[in-house]
1. At 222 nm, what helix-only mean residue ellipticity would the chain give, in deg cm²/dmol to the nearest 500, using -39500 (n - 2.57) for each DSSP H run of four or more?
2. Could you please rank 8, 71, placing first whichever residue has the fewest other Cβ atoms within 10 Å of its Cβ?
3. Please build a GNM for the chain, connecting alpha carbons under 10 Å apart, and tell me which residue among 38, 60, 15 fluctuates the most.
4. Report the residue, chosen from 46, 21, 61, that carries the largest GNM mean-square fluctuation when the chain is represented by alpha-carbon nodes joined by springs under 10 Å.
5. What is the stretch 32-77 by shape, rounded, prolate or oblate, if you read a ≥ b ≥ c off the alpha carbon gyration tensor as root eigenvalues and call it rounded for a/c under 1.5, prolate for a/b larger than b/c, and oblate otherwise?
6. May I ask you to sort 64, 42 by Cβ crowding, counting other Cβ atoms within 10 Å and putting the fewest first?
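The numbers here are math on the coordinates, done by the rules we state, and not lab data. Being a predicted model, the structure only gives us computed values, none of them experimental. As a convention, Cβ positions derive from the backbone with ideal geometry for all residues, glycine included, and neighbour counts pool all protein chains shown.
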């Protein structure tokens, strides 16, 4: 069974979580063009790498950020969602 460590609830089976997408900066929706907004919504990098991703523990509704190596499908670290409001550390940093 695959286990994911929630920053609030601790180690839990991955079936208790929902993936929310990659954490990535977006354009200002009030000032960007339709083409810029469309590119942000629909264009993503599918290249395997270390990425920050949004995850939600479904039972508690707790959102957090997981730093995950998508090539090896391995979670490096998890962080509370508040971390997403600050600049994220470089991917793969200790």
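1. Values: 1 runs with 9 residues, N = 94.
Value at 222 nm, helices only: -2500 deg cm²/dmol.
2. Ascending Cβ contact count within 10 Å gives the list 71, 8.
3. Of the options given, 38 has the highest mean-square fluctuation.
4. With Cα springs under 10 Å in the chain, the top fluctuation among 46, 21, 61 is at 46.
5. Working: a/c = 3.46, a/b = 1.43, b/c = 2.42.
Oblate.
6. Working: 64 24, 42 7.
Ordered from fewest to most neighbouring Cβ atoms within 10 Å, 64, 42 come out as 42, 64.
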